[in-house]
Amino acid sequence: MSSFPSPPLASSSPRLDALWRAVQPLLPTADLAHDRDHVLRVTAWARRLAPEAGADPELAVAAALVHDLVNIPKDSPDRPLGSEASAAASRGHLEAAGFTPAEVAQVVEAVRTCSWSRGHAPTGPLGRVLQDADRLDALGAVGLARNLACAQSFAARSPSRFYDPADPLGSSGRPLDDVRNAADHFFVKLQHLARGMHTATARAEAARRQAFMEAFLGRLAAEAEVAADLAD
Ligand code: ADP
Ligand code: NI
């Protein structure tokens with residue numbers, strides 16, 4: 001086993017331990033926005049939120065472990081299909097780890113509805129827990145780090161930058177383009193996440209994380225304005 005920490009409950013659940021051993025080597029290492037630490041943070045929040053949503057904590061951790069098994073690049077037109085591909089890829093691993101057919105069906109369904117871009121609503125408590133846990137990780141300091149990691153990966157393929165120097169917050173009403181401008185992603189997606197959270201705990205945490213990102217964007221705009229004034 002690698003030096004990566006184990007997910008929650010793995011020491012008391014041989015099934016989670018087996019699942020982690022199977023999927024951990026399959027997770028990408030070259031994409032900092034979807035690395036093992038993302039998966040482990042989502043497991044931690046999934047376990048925390050499970051009781052409040054009426055979901056089984058062991059199944060919530062299992063769903064989090066497999067939710068990003070297939071990672072389609074964000075600037076690919078097939079991106080919205082990532083959750084469905086992860087759901088399909090997870091089935092065999094869940095069965096091999098010893099989950100029952102009914103449990104596998106629940107976890108696969110939760111993973112299927114996880115994606116924001118695909119826009120599916122969760123159909124049960126497990127899906128609500130997984131969506132909340134995954135979406136929290138797009139917010140706050142860690143969300144900012146992941147946002148910038150994505151921007152760097154886009155820059156290898158198409159023109160991309162941290163923000164539009166002429167209008168960092170899109171205040172002019174220009175079209176938002178979150179592949180070109182990383183900061184636009186806040187207005188395209190991130191600012192909508194808090195109000196869509198299913199559990200009260202995730203909603204409160206999301207609001208705190210969103211406030212941090214708004215403060216960051218305010219500083220970014222101020223610094224960009226100073227730079228623009230100096231250039232005049
Ligand atoms: P997940 O894989 O966890 O379901 P996403 O793939 O939608 O979530 O996003 C992964 C991370 O990358 C998140 O932090 C998200 O905000 C960020 N991200 C997604 N799309 C963009 C984009 N167009 N520009 C910058 N960051 C992005
Ligand atoms: Ni994820």
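The helix-only estimate of mean residue ellipticity at 222 nm for the chain, built from DSSP H runs of length n ≥ 4 each weighted as -39500 (n - 2.57), is -18000 deg cm²/dmol after division by the residue total.
Compared with the direct C-alpha span, the chain from residue 212 to residue 189 gains 6.7 nm at full extension, assuming 0.36 nm per residue. Which residue fluctuates most in the GNM of the chain (Cα springs below 10 Å): 146, 219, 180? Most flexible of the set in this elastic network: 219.
Relative to the longest principal axis of the Cα atoms of the chain, helix 101-112 runs at roughly 10 degrees. Among 100, 113, 43, the largest mean-square fluctuation in a Gaussian network model of the chain, built with springs joining Cα atoms closer than 10 Å, belongs to 100.
Taking the protein heavy atoms of the chain in the context of the full set of protein chains, the accessible area attributed to carbon and sulfur is 57 percent at 1.4 Å. When its C-alpha radius of gyration is set against 2.2 N^0.38 Å (N residues), the chain gives a value of 1.07. In this structure the chain gives 47 Å² per residue of accessible area when probed at 1.4 Å with all protein chains present. Spin-label model, residue 227 to residue 102: label points 7 Å out along the Cα-to-beta-carbon direction sit 5.7 nm apart.
Under a Cβ-only charge scheme (Lys and Arg +1, Asp and Glu -1), can you give me the dipole magnitude of segment 138-232 about the Cα centre, in debye to the nearest 20?
Working: 11 positive and 11 negative charges, 119 e Å.
Here the size comes out at about 580 debye.
Each Cα pair under 8 Å and six or more residues apart adds its sequence gap; the mean of these over the residue count of the chain is a relative contact order of 16 percent. Each residue of segment 49-64 was assigned a 3J(HN,Hα) from its phi angle through the Karplus expression (A = 6.51, B = -1.76, C = 1.60, θ = phi - 60°), giving 7, 4, x, 4, 8, x, 9, 6, x, 5, 5, 5, 5, 4, 4, 5 Hz with x at Gly and Pro. In the context of the full protein assembly, residue 84 retains an accessible surface of approximately 50 Å², using a probe radius of 1.4 Å and ignoring ligands and nucleic acids.
Centre-to-centre, using Cα atoms only, segment 1-58 and segment 148-226 are separated by 27 Å. In this structure the amide hydrogen of residue 181, modeled in the peptide plane, comes within under 5 Å of the amide hydrogens of 161, none closer than 5 places in sequence on its chain.
The values are calculated or read from the model by the stated rules, or taken from the named source; none is laboratory data. Just so you know, these numbers come straight off a predicted model, no measurement behind them. Using ideal geometry, Cβ is built from the backbone for each residue, glycine included, and neighbour counts are taken over all protein chains shown. For accessibility, only protein heavy atoms count, side chains too; no ligands or nucleic acids. Shrake-Rupley method; radii C 1.70, N 1.55, O 1.52, S 1.80 Å.
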